[in-house]
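A quick write-up on the structure given underneath.
The values are calculated or read from the model by the stated rules, or taken from the named source; none is laboratory data. Source: prediction; values computed, not measured. All Cβ positions, even for glycine, are placed from backbone atoms using ideal geometry, and neighbour counts span all protein chains on display.
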Amino acid sequence: MKKNVVFIACVPNKERVEKYGSFQYFDYTIKTWEYWCKKNNCELVLFQEPFKKDVKRYRINWQKAVFIFDELEKRKIDYDQVLLLDSTCMIKWDTPNFFEMTDHKLVAMKDMDNPRWVYNSIQAYKEFFDGFECDIKKYVNSGFIIFNEAHREFFESFKEMYLNNVDKMCELHDSSGTAEQTPLNYWLQIKNMEVSDSLPPMLYRCSHIHRKEMFSYNWQLDEDKTPFFIKYPYVWMFSGFARENRTDLMKQTWDLVKHNYTFDETEILLNSVRHKDNFRLSTSRKFKKDIIDFFSDDKFKNMSMVELGSCHGDTTKVFSHIFKNVHAVDWRQENIDISKEMCKGCDNITYQVSNVVEDEWNYPKADVVFIDASHDYPQVAYDIEKAIIYFDNPIIILDDYGNSASDNVRKSIDDKVREGKLQIHKTIGEYAGFKTKSGWEMNDREAVICNYTEI
């Protein structure tokens, strides 16, 4: 069966080390695309050995564009569509399968990130192409271009033009600082090739990240410090950086996002929600992981639970993957609306706007209850006693046991333990010393699971 192919030229050209620095950044490009290709059943082809050994004359940027069909044939790869990709491009873990959006047309994206550079490049090659007026408005980037067998004739003609003029192309390359991109644009327009713009450039070719200030984040909210270029675009092109900076920037990016490149279902779930280290109103990542592990036995899968204090739904979503039914309660409609968006696709959650402190309890009966509403001493104590009676001695999960900002929760729990009304079965979540988004450190374990009796 034919597969879609991602073709990356990653030849460490010893002749160009001074210009491009070390080529260690290849590793980060490859890591992201290996994951994406596996996830989307595509074949990753790494062009690591030049087709022509004389890379001083036959530059790598040119070789990837003109010998790509030869290389695929040499490797006996039966392809459907091919993405020719720049080696500086990392792809986000949840990027949709863009091969499904091409309608089998040649797809390339407009490139006007640096209009002056584009204009000068067009002028540099104009004489070679006999004064042809290359339309700058149609100028595309060659670092992300998709095509198929129907476009082979075009690329073969481009190769023929190049091989007949390779020395001149080297000369123009060195004098203009431009490789195959501008000649390819000339050739596309001379041959009147249809070029589809079905993929939005800002999503699938986020280049000049620094110039667009996309290393920044939404500081006004002070909740999520994810840089804009990671949060919104799908493909990050680290071009336009000083050679000594590119590898470091790509490494920093990889270190920040690498945990997302996983096929582990638990990790995928945990990566889809926020945690206490970056969102003060959530539970920690370890809390959520401990909950998943504790309730992993099949004997819990048909249980129902009520969450008192669901807030924005980060923990609610995790609960929905554990229990048969989850009833999320919060006192603010705004929080319920945010929770519904967070838990979109989780069809086993019901929602209720209710003030646990002031309103009469009118919740579905449940096997497990999570108490994370009021943090006042008398109210927490009341919620514990009420839950034991109302839900007929359920398993009780209590958050903020180790909250050093207010010891009311722990005092309430400890007092109920002394009174014999509560039994701590297991402590979960982060340990003392863990620093939260709010800036305070925990002085004990984050949470407790109580009143659980082994079945």
> Looking only at strands (runs of 3 or more DSSP E) that fall completely inside segment 70-126, which ones have 1 or more residues that are charged (D, E, K, R) and either touching a helix residue (DSSP H, G or I) at 6+ places or on another chain (Cβ under 6 Å) or more than 23 Å from Tyr35 (Cα to Cα) (or both)?
Replying inline: 107-110
> Looking at Glu49, Glu43, which is the one that is at pLDDT 95 or above, of a type in the set (Asp, Glu) and assigned by TED's automatic domain parsing to the domain that holds Tyr139?
Replying inline: Glu43
> When you go through (1) at pLDDT 95 or above; (2) among the acidic types (Asp, Glu); (3) under 30 Å from Ile449 (Cβ atoms) one by one for Glu223, which number turns out not to apply?
Replying inline: (1)
> Has segment 12-20 got any residue that is at pLDDT below 90, assigned to a helix (DSSP H, G or I) and among the acidic types (Asp, Glu)?
Replying inline: yes
> Among the residues of segment 230-265, which ones are in contact with a Leu (Cβ under 8 Å, 6 or more places away or on another chain) and within 21 Å of Lys38 (Cα to Cα)?
Replying inline: Ile230, Pro233, Tyr234, Val235
>> Please go through segment 312-321 and give me each residue that is surrounded by fewer than 23 Cβ atoms within 10 Å (Cβ to Cβ) and assigned to a loop (DSSP other than H, G, I, E, B), ordered by number.
In response: His321
>> Looking at Ala405, Ala381, can you tell me which residue is modelled with pLDDT under 95, under 38 Å from the mean Cα position of the chain (by Cα) and aliphatic (A, V, I, L, M)?
In response: Ala405
> If you check every pair at least six apart or on different chains, which have Cβ atoms under 6 Å apart with a residue in segment 81-92 that is at pLDDT 95 or above first and a residue that is polar (S, T, N, Q) and part of a strand (DSSP E or B) second?
Replying inline: Gln81/Asn4; Gln81/Asn148
>> If I filter segment 118-148 down to residues being closer than 20 Å to Val107 by Cβ and among the charged types (D, E, K, R), which single residue comes out as surrounded by the fewest Cβ atoms within 10 Å (Cβ to Cβ)?
In response: Lys137
> Which pairs have Cβ atoms under 6 Å, sit 6 or more apart or on different chains, and link a residue in segment 319-339 that is under 16 Å from Ser354 (Cα atoms) to one that is crowded, with 23+ Cβ neighbours inside 10 Å and charged (D, E, K, R)?
Replying inline: Ala328/Glu307; Ile336/Asp330
>> Please return the ranges of helices (runs of 4 or more DSSP H) entirely within segment 200-306 where 1 or more residues are over 30 Å from Gly433 (Cα atoms) and in contact with a strand residue (DSSP E or B) (Cβ under 8 Å, 6 or more places away or on another chain).
In response: 201-204, 228-231, 243-257
> If you scan segment 415-449, which residues turn out to be small (Gly, Ala, Ser) and in contact (Cβ under 8 Å) with a residue 24 or more places away in the chain?
Replying inline: Gly429, Ala432, Ser438, Ala447
> If you go through segment 324-344, how many residues are in a loop (DSSP other than H, G, I, E, B) and either surrounded by fewer than 22 Cβ atoms within 10 Å (Cβ to Cβ) or polar (S, T, N, Q) (or both)?
Replying inline: 4
>> Being part of a helix (DSSP H, G or I), in the same structural domain as Asp54 (by TED's automatic domain parsing) and in contact with a His (Cβ under 9 Å, 6 or more places away or on another chain) is true for just one of Ala150, Ala179. Which residue is that?
In response: Ala150
>> What's the total number of residues in segment 246-266 that are surrounded by fewer than 15 Cβ atoms within 10 Å (Cβ to Cβ) and of a type outside the set (Phe, Trp, Tyr)?
In response: 10
> Is there any pair linking a residue in segment 236-258 that is within 13 Å of Ile91 (Cβ to Cβ) to one that is among the basic types (Lys, Arg) and buried (at least 19 other Cβ atoms within 10 Å of the Cβ), with Cβ under 7 Å and at least six apart or on different chains, and which?
Replying inline: Met237/Arg205; Phe238/Arg246
